[in-house]
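Notes to accompany the following structure.
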Amino acid sequence: MQADFWLERWRQRQIGWHQPDFHPALEKYWPTLGIDPSARVFVPLCGRSLDMIWLARRGHPVLGVELSPIAASEFFGHEALSASPSVAGRFIRHAAGPYEILQGDFFDLTPAMAGAIGAWYDRAALIALPPDLRVRYADRIAGMLAPGTCGLLITAEYAQEKMAGPPFAVMADEVHALFDAGFEVELLERQDVTAGNPRFVERGLDRLHEAVFRLVRR
Ligand SMILES: C[S@@+](CC[C@H](N)C(=O)[O-])C[C@H]1O[C@@H](n2cnc3c(N)ncnc32)[C@H](O)[C@@H]1O
């Protein structure tokens, strides 16, 4: 997807992916992963996700990367934090409290700029990207993580021909194709979430599953 597509979505407030609650899979599975609460968690394509707040409440410093300045400022506004922006390479850095959001293109992020990452969390990031970018995304993530780094990945599974993404369908086979070379990949859960997503039923889906994976960098 082009940056303009997402920036326009934010400008038009077409942000149906934004959840008013913490993601149930984050609450259910993160505590089982054995991640130290001091670990800095990387949240690529973070939007203004409240899941970053859940992670910070567990004690984690959080690093998000997000294209939209609206998302970044609304996130800090929601938390009543004032983050004075500064230039950091090709990014605008917003930081306050336990949060740092690098506003810019994920694909411009270098490991040096990201700094130490102790864990990562992907909800609606991989599935926001078309197939060619998903390959680049998986490569970039692998390049940023030290061996042993653990992450939670949440994907959407549906018949791609019934609806144009985003969100794109990313089936388990593709998760394995993208990550098996560099990660231990374990499916934790697959749930039928059709009933809770009427907007996708209106767009043509008769069945939508959400899958949750634990990925550990080899
Ligand atoms: C589907 S939303 C998911 C946001 C968040 N993960 C959540 O669960 O609410 C995808 C987000 O990725 C951002 N985005 C898309 N492409 C990006 C890129 N190349 N670099 C950084 N952010 C990007 C969009 O602006 C959008 O906020």
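The values are calculated or read from the model by the stated rules, or taken from the named source; none is laboratory data. From a predicted model like this one, the values you see are computed outputs, not experimental measurements. Heads up, the Cβs are rebuilt from the backbone with ideal geometry, glycines too, and the neighbour counts pull from every protein chain shown.
Only helices (runs of 4 or more DSSP H) wholly contained in segment 1-64 count here; list those with 3 or more residues that are farther than 24 Å from ALA116 by Cβ. Outline the logic, then answer.
Numbers: elements: 3-11, 24-29, 51-57.
Helices (runs of 4 or more DSSP H) meeting the threshold: 3-11, 24-29.
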Item to complete: Please give the number of the condition ILE154 fails out of (1) more than 21 Å from ARG218 (Cα to Cα); (2) touching a Lys or Arg at 6+ places or on another chain (Cβ under 6 Å); (3) within 14 Å of the ligand (Cβ to nearest atom).
Response: (1)
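Can you confirm whether LEU102 is under 27 Å from LEU215 (Cβ atoms), away from the ligand (no atom under 12 Å from the Cβ) and not in a loop (DSSP other than H, G, I, E, B)? Show your work before the answer.
Working: under 27 Å from LEU215 (Cβ atoms): yes; away from the ligand (no atom under 12 Å from the Cβ): no; not in a loop (DSSP other than H, G, I, E, B): yes.
When the stated conditions are applied, LEU102 does not pass them.
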Worksheet entry | Given (1) within 11 Å of the ligand (Cβ to nearest atom); (2) in contact with a helix residue (DSSP H, G or I) (Cβ under 6 Å, 6 or more places away or on another chain), index of the condition ASP4 fails | (2)
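Would you please name the residue that is farthest from PHE213 (Cα to Cα), looking only at residues in segment 157-173 that are touching a strand residue (DSSP E or B) at 6+ places or on another chain (Cβ under 8 Å) and more than 13 Å from the ligand (Cβ to nearest atom)?
Narrowing segment 157-173 to residues touching a strand residue (DSSP E or B) at 6+ places or on another chain (Cβ under 8 Å): 157-158, 167-172.
Next, only the ones that are more than 13 Å from the ligand (Cβ to nearest atom) stay: 157-158, 169, 171-172.
Numbers: GLU157: 13, TYR158: 17, ALA169: 15, MET171: 12, ALA172: 9 Å.
Within segment 157-173, the match that is farthest from PHE213 (Cα to Cα) is TYR158.
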Discussion item. Pull out all pairs, ordered by first then second residue, where Cβ-Cβ is under 7 Å, the residues are six or more apart or on different chains, the first lies in segment 113-131 and is over 13 Å from TRP6 (Cα atoms) and within 13 Å of the ligand (Cβ to nearest atom), and the second is among the hydroxyl-bearing types (Ser, Thr, Tyr) and not in a loop (DSSP other than H, G, I, E, B).
Written reply: LEU126/TYR137; LEU126/THR155; ILE127/THR155
Practice prompt. Could you pull out the residue among ALA159, ALA181, ALA119 that is within 23 Å of ARG58 (Cα to Cα) and at pLDDT 95 or above?
Written response: ALA119
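Restrict the check to segment 71-81 and report whether at least one residue is near the ligand (Cβ under 8 Å from one of its atoms), within 17 Å of PRO20 (Cα to Cα) and within 12 Å of the chain's Cα centre (by Cα). Walk me through it before giving the result.
Just the residues of segment 71-81 that are near the ligand (Cβ under 8 Å from one of its atoms), to begin with: 71.
Pick out the ones that are also within 17 Å of PRO20 (Cα to Cα) and you get 71.
If we keep only those that are within 12 Å of the chain's Cα centre (by Cα) too, we end up with none.
Scanning segment 71-81, I find no residue that is near the ligand (Cβ under 8 Å from one of its atoms), within 17 Å of PRO20 (Cα to Cα) and within 12 Å of the chain's Cα centre (by Cα), so the answer is no.
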Practice prompt. For segment 60-69, indicate whether the set of residues that are touching a residue at least 12 places away in the same chain (Cβ under 8 Å), over 19 Å from ARG9 (Cα atoms) and away from the ligand (no atom under 14 Å from the Cβ) is non-empty.
Written response: yes
Practice prompt. Could you grab me the full set of residues in segment 27-43 that are under 23 Å from LEU109 (Cβ atoms), of a type in the set (Val, Ile, Thr) and more than 16 Å from the ligand (Cβ to nearest atom)?
Written response: ILE35
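Suppose the filter is closer than 26 Å to GLU210 by Cβ, at pLDDT 95 or above and buried (at least 20 other Cβ atoms within 10 Å of the Cβ); does ASP51 pass it? Talk me through it step by step, then tell me what you get.
On the way: closer than 26 Å to GLU210 by Cβ: yes; at pLDDT 95 or above: yes; buried (at least 20 other Cβ atoms within 10 Å of the Cβ): yes.
The answer is yes for ASP51.
From the list GLY34, GLY97, which residue is in contact (Cβ under 8 Å) with a residue 24 or more places away in the chain, of a type in the set (Gly, Ala, Ser) and more than 19 Å from LEU145 (Cβ to Cβ)?
On the way: GLY34 fails: more than 19 Å from LEU145 (Cβ to Cβ).
Checking each option against the conditions leaves just GLY97.
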Fill in: Condition check for VAL175: of a type outside the set (S, T, N, Q), in contact (Cβ under 8 Å) with a residue 12 or more places away in the chain and under 19 Å from TRP17 (Cα atoms)
no
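I want to confirm something. Restricting to segment 164-190 and keeping residues that are surrounded by 19 or more Cβ atoms within 10 Å (Cβ to Cβ) and touching a Lys or Arg at 6+ places or on another chain (Cβ under 8 Å), which single residue is nearest to TYR29 (Cα to Cα)? Break it down stepwise before answering.
Taking segment 164-190 first, the residues surrounded by 19 or more Cβ atoms within 10 Å (Cβ to Cβ) are 167-170, 175, 178-179, 183.
Narrowing the set further to residues that are touching a Lys or Arg at 6+ places or on another chain (Cβ under 8 Å) leaves 168, 170, 178, 183.
Numbers: PHE168: 23, VAL170: 20, LEU178: 22, PHE183: 18 Å.
Here the answer is PHE183.
Return yes when LEU33 is closer than 24 Å to VAL193 by Cα and in contact with an Asp or Glu (Cβ under 7 Å, 6 or more places away or on another chain) and no when it is not.
Numbers: closer than 24 Å to VAL193 by Cα: yes; in contact with an Asp or Glu (Cβ under 7 Å, 6 or more places away or on another chain): no.
In short, no.
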